[in-house]
1. Give me the number: length gained by fully extending Tyr266 to Phe194, i.e. 0.36 nm times residue separation minus the C-alpha to C-alpha distance, one decimal in nm.
2. Just rank Arg424, Arg66, fewest to most, by other beta-carbon atoms within 10 angstrom.
3. Decide, for the chain, between rounded, prolate and oblate: order the square roots of the alpha carbon gyration tensor eigenvalues as a ≥ b ≥ c, take rounded if a/c falls under 1.5, and otherwise choose prolate if a/b is larger than b/c, else oblate.
4. Fewest to most neighbouring Cβ within 10 Å: what's the order for Val339, Val426, Val149?
5. So what's the angle, to the nearest 10 degrees on a 0 to 90 scale, between helix 441-462 and the longest Cα principal axis of the chain?
6. I need the calculated FRET efficiency for the pair Ser319 and Leu462, taking r as the beta carbon distance and R₀ as 22 Å, to the nearest 0.05.
7. What percent antiparallel are the DSSP beta bridges of segment 2-183, to the nearest 5?
8. Roughly how many nanometres apart are two label points built 7 Å out from the Cα toward the Cβ at Thr309 and Asp406?
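Bear in mind that the values in this text are calculations on the coordinates, not laboratory data. If you're wondering where the values come from, they're calculated on a predicted model, not measured in any experiment. Note that we place each Cβ from the backbone using ideal geometry, even for glycine, and neighbour counts take in every protein chain shown.
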Amino acid sequence: MRLYLIRHAESEGNRLGIIQGQRKGYGLSKAGVRASIAQASSFKGAISKGCIFITSDLKRALETARIFSAHLDSDLVVDPSLREVHPGILQGKRKASLKPCQALYLECWDRRGDLDDIPGAETGDQLQSRVLAFLARTSLNGEDNDYMVFTHAAYMRCFVNTVKGRPRCTAVPVENLYIHTVDSPWEAIECSEFSAGFNSRAWHIVTADSEYVLKIVENVRRESLSALEKLHKLIRTPEHTIPALYYWRMWDPEAKFGRAILVYEYLPGTSLGKKVSVRGLAFMVQGLYAYHQRLLEASKNISTRHFSTLSDRFRSACSEVRSRDLKQMFGRVSRNSAVRDILRDKELVLVDFDVHLGNMLTDGRMFKKIDIGVTWAPRIMQPASFLLAGCMLEDPESFDIRSYADIWPDKYSERQLLAAMMLRAVYGLSFFDRATSTLSLNKQNEARLILARYIKCLDKLLHQ
């Protein structure tokens, strides 16, 4: 895999001394057009057949790329993630007209370093996250394609230094139409895969500047992809979640499901695993409850059509389950009057069903929820999801709801909680029932073990 990284030709904004950032309106100057034609002509016969041309959507890069693609007879892919770094309040300003009070921000810009100190600017970690996400998705198809990438100065600097294993702000040539050639872009990046989930893969990535978690999530409903990105922004808080530094989504126009790539800050903690005792639950519940309050607020700004409802999930689970024994168990759940009351409840909020001890992080002082897996459901499903997947699933035999019922701040009757936990168990059983036939062999075996625990949970709930 070879990458040709090209900065756009001179733009009108460059000529006028404007800090363009992510402004779309500045096309190439006349000199920039001439230089692009000359540079493109020099590439004829020099690139491999099948080289993929991909460009930032900003006008100055797009016009440069179109000249190259026309001369080299190649199709062009437009990718907004290749945009220039956002310079915050400096965007669109002429350097010569900046006010004295903005001089410090201009100094920060002129140093060609991270822009963290400029109000509204993209941080260095956010920019580098875009680079890592681009590298991840150009490696996903398993093909050894070459890429000609049209981008901007700060992005190019960060990209080149990241793949060379250097601090991202190290000085490198980035003048107009400069071309960096990169072979084996992952070679200098420390990258190790975490234990993979059933619907995703995740890596711990170490650069010369920072540490990240890069996660690729498959089979996301197409209509949920953009809503998930919005949701990540709405609930981001340093106290209770690990905010995504960058979120990228892709889907085939003909497909029902798509893929998302998320890049997070890496936090040096450990998952809660199976170590939580009843005594230690107060710490976990405090963080989870605050997190769900953020989801509650976010519910006001997310359309119900973007995520499944609890009723939809329950109907799907009942219709898709293959095992006769599970069909009978699901039938008993559906006949439970408290379950029917919950399914008839029309006051729905976003509830995270993906609550288990493996995706909650602690270092003994802080608590963070790592992933998001939301469903429109009544509020009682907040504690039910926590009690079922975070507590009972770890030890179905000894779980006693009376020991846990008073831990959650919002109070519900034991009958209501048992019914809600049944619904959450049906959701989990449906997922792992499908997983036992669709995953690789080693993952199928793991899914069967979890499926067996879910069956024990639901059986016990039905007999209480």
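1. Taking 0.36 nm per residue and subtracting the Cα distance, the gain is 24.7 nm.
2. Arg66, Arg424
3. In terms of gyration-tensor shape, prolate.
4. Val339, Val426, Val149
5. The two axes meet at around 40 degrees.
6. Once the sixth-power term is evaluated, E becomes 0.65.
7. So the antiparallel bridges amount to about 40 percent of the total.
8. So the label points at Thr309 and Asp406 sit 3.6 nm apart.
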